[in-house]
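All of the numbers you see were taken from the coordinates with simple rules; none came from a lab. These numbers come from a predicted model, not from an experiment. We place every Cβ from the backbone using ideal geometry, glycine too, and count neighbours over all the protein chains shown.
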Amino acid sequence: MVEHILASSSIPIHYDYTYVPITYDYDKNISDEDRDQKLKQDLQQPDTITRNYRRFWDGGITSNTPLRELIQSHQDYWVNVEKEEIPDLEVYVVDVWPPMEDKNYPIIPDHDSTVNRKNGLTYQDKTPYDEKVANIVSDYYNLTKELLELAEKLVGDNDKAKKEIKDILMKPGKSAHRNGKPREYRSLLKDRFDITKLIRIERSGDPDDISNKWCDSSKKTIDGLIKQGVEDTLNTLVEDIRKTESARAGTESGVGEAINQINRFIAAVKDRNLGHNQTMVEIAEAIKTKLQTIDNIGKSR
């Protein structure tokens, strides 16, 4: 709903908190104007605000790229809703803050550039650490599973040994479920999945960046960001396709499949009445031209 979008855009200091009802009424017959009027009335009663609303700022400071929350939500959904084995996960991180090591990120010793860099360090993608932890947990899971299978194979029909293994699996660990209940060791083996791919689509650096760029919603800036976003996304996905295809086929470039995917993208854009169609097609055509040049050079060698 609109409050959720506003909450994710309520930048600290620059904008006030967004008030989101604790119990949200999703009745589509209620107009935004009526909701605004109700909030204005409730704001006159502090007790009502405290009881019925929560205040939100942009979540970037707490978790700008919430990979941990995504992993937990994926697990909760398949365990509690679908009640099926948890499938593996492909993750795509779209980062609107350029990485600090980007060569175009300005490092100038003036006040605005210093504030800009501070903001960049605060809001940049923090998922590499979470990804490492997730991979380490997967390694422990695989090791434990193999050792458990070996133990069960060795004990055979020994009922006493089987009971001892079961008792170990029933022991509570230090970690807890989201409801606060201790997590048994067996759940570490049962409720696991792997992140099979993690693609980071990162905004390219801009030497003309300013510290308050996140508050600039002018049409010129938004149009420029959309164009930059399409270009960054297509370049990232094309590079991933090239690497995947090269590894699968044992070739060096994997350009052919990347060109095929770009052609599909162009056809899909032309087939839909999307905003910025012409811009997206132009960028895709430019990337395809680069790929075709690479392909021709490769074939001429």
*Roughly how many Å is it from the Cα centre of the stretch 117-175 to that of the stretch 1-18, as a whole number?*
38 Å
*Note down the nm distance, to one decimal, between modelled labels 7 Å out along Cα→Cβ at Y15 and at N263.*
4.3 nm
_Cross-link reach list, lysines versus K288, counting only Cα pairs under 20 Å and skipping chain neighbours closer than eight places_ = K227, K243, K270, K299
*For the stretch 216-301, the spread of Cα positions along each principal axis, largest first, Å*: 47, 27, 22
_Packing-based exposure ordering (other Cβ within 10 Å, fewest first) of H14, H276_ = H14, H276
*Using the count of nearby Cβ atoms within 10 Å as a rough guide to exposure, how do S217, S187 rank from fewest to most?*
S217, S187
*Pull up the cross-link candidates among the lysines for K163, meaning alpha carbon to alpha carbon under 19 Å and not fewer than 8 places away within one chain.*
K145, K153, K171, K190
*If we count every other residue with Cβ under 14 angstrom of K160's Cβ, Lys/Arg +1 and Asp/Glu -1, where does the sum land?*
-2
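Based on DSSP H runs of at least 4 residues, each adding -39500 (n - 2.57), what is the mean residue ellipticity at 222 nm of the chain after dividing by all its residues, to the nearest 500 deg cm²/dmol?
Counting only the DSSP helices, I get -18500 deg cm²/dmol.
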*Please name whichever of Q75, W97, V255 sits farthest to the positive end of the charge dipole of the chain, dipole taken about the Cα centre and charges placed at Cβ: Lys and Arg +1, Asp and Glu -1.*
Q75
*Taking +1 at the Cβ of each Lys and Arg and -1 at the Cβ of each Asp and Glu, which of I222, L234, V269 sits farthest along the dipole of the stretch 216-301 towards its positive end, judged by Cα position relative to the Cα centre?*
V269
*Nearest-0.05 FRET efficiency for I5 and K40, computed from C-beta distance (R0 22 Å)*: 0.70
*Which log10 I(q)/I(0) values, to two decimals, does the stretch 11-59 give at q = 0.19 Å⁻¹ under the Debye formula with one point per Cα?*
-0.70
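Quote the charge dipole size of the stretch 170-271 about the Cα centre in Debye, to the nearest 20; the model charges only the Cβ of Lys and Arg (+1) and of Asp and Glu (-1).
1000 debye
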*Out of residues 5 or more away from I199 or on other chains, whose amide H comes under 5 Å of its own, with H placed 1.01 Å from N in the peptide plane?*
V91, Y92, V93
_Positive dipole terminus of the chain, leading residue within G205, Y129, Y185 (C-beta point charges)_ = Y185
*Using 7 Å Cα-to-Cβ label points, what is the K163/K190 separation (nm, one decimal)?*
2.1 nm
*asked:* How big is the dipole moment of the stretch 216-301 about its Cα centre under a simple scheme where the beta carbon of each Lys and Arg is +1, that of each Asp and Glu is -1, and everything else is neutral? Debye, nearest 20, please.
replied: 160 debye
*asked:* Let me spell out the model: positive unit charges on the Cβ of Lys and Arg, negative unit charges on the Cβ of Asp and Glu, origin at the Cα centre of the stretch 2-58. What dipole size does that give, in debye rounded to 20?
replied: 180 debye
*When you have a sec, figure out the Kirkwood radius of the stretch 62-211 from all distinct Cα pair distances and drop it here in Å to one decimal?*
18.8 Å
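How long is the gain from N52 to K145 if the chain were fully straight, where each residue apart is worth 0.36 nm and the alpha carbon distance is subtracted?
Gain in length upon complete extension: 28.9 nm.
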*Sort 91-102, 167-178, 130-141 for me by packing, meaning the mean count of neighbouring Cβ atoms within 10 Å per residue, highest on top.*
91-102, 130-141, 167-178
*For the chain, just the Cα atoms, rotate onto the principal axes and tell me the three extents in Å, largest first.*
76, 74, 48
*Dividing the alpha-carbon Rg of the stretch 146-301 by 2.2 N^0.38 Å yields what?*
1.74
*Among 199-205, 263-269, what's the highest-first ranking by average C-beta atoms within 10 angstrom per residue?*
199-205, 263-269
*Sorted from fewest to most neighbouring beta carbons within 10 Å, what does the list L237, L143, L189 look like?*
L143, L189, L237
